[in-house]
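Working notes, beginning with the structure itself.
A short reminder: the numbers here are calculations on the coordinates, not readings from a lab. All of these numbers come straight from a predicted model, not from anything done at the bench. As a convention, Cβ positions derive from the backbone with ideal geometry for all residues, glycine included, and neighbour counts pool all protein chains shown.
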């Protein structure tokens with residue numbers, strides 16, 4: 001039976017895997033080599049590794065939120081043609097994209113004729129909410145018995 005490798009690198013890799021520090025486990029050798037070349041301090045190495053882990057986690061969380069939302073093909077607000085239809089209040093639409101209504105547990109309701117771009121805007125809003133880190137909306141939607149939700153007529 002082979003003996004387990006107890007070298008510092010092997011122990012570190014096992015500990016990082018157990019702690020689920022995926023990005024640090026993937027990149028620590030590269031960071032240590034770079035630090036040795038530059039003469040970086042241990043504090044700089046640690047700060048770099050933690051920053052890499054935090055960035056990796058944020059990216060994975062974004063990807064998970066967007067995957068769980070099961071949104072259709074990516075749409076953006078910049079792709080929306082505010083010139084058609086003419087009555088679209090751009091300021092009213094744009095204010096939804098800060099996501100404040102989600103934090104306040106309010107609803108966004110877009111009302112308009114077929115072809116006005118309601119689905120485009122709501123898909124773009126879903127992607128924007130994922131990017132700014134808002135949790136996915138509750139499955140019960142916006143009950144009609146609540147106070148009147150903010151509306152924008154398209």
Reduced to Cα centres, the span from the range 45-74 to the range 15-37 in Å works out to 17
Take peptides 36-42, 59-65 and line them up by average Cβ neighbours within 10 Å, highest first, as a rough protection proxy. 59-65, 36-42
In nanometres, the difference between 0.36 nm per residue of separation and the alpha-carbon distance of residue 33 and residue 79 is 12.2 nm
Radius of gyration, Dmax [the range 1-89; alpha carbons; angstrom]: 21.8, 76
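Find how much the distance from residue 22 to residue 10 grows on full extension, using 0.36 nm per residue of separation minus their present alpha carbon separation; answer in nm with one decimal. Before the final figure, lay out each step's value.
Working: separation 12, 0.36 × 12 = 4.32 nm, distance 1.46 nm.
So the extension gain works out to 2.9 nm.
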At R0 = 35 Å, FRET efficiency that the Cβ-Cβ distance of residue 67 and residue 40 yields, to 0.05: 0.45
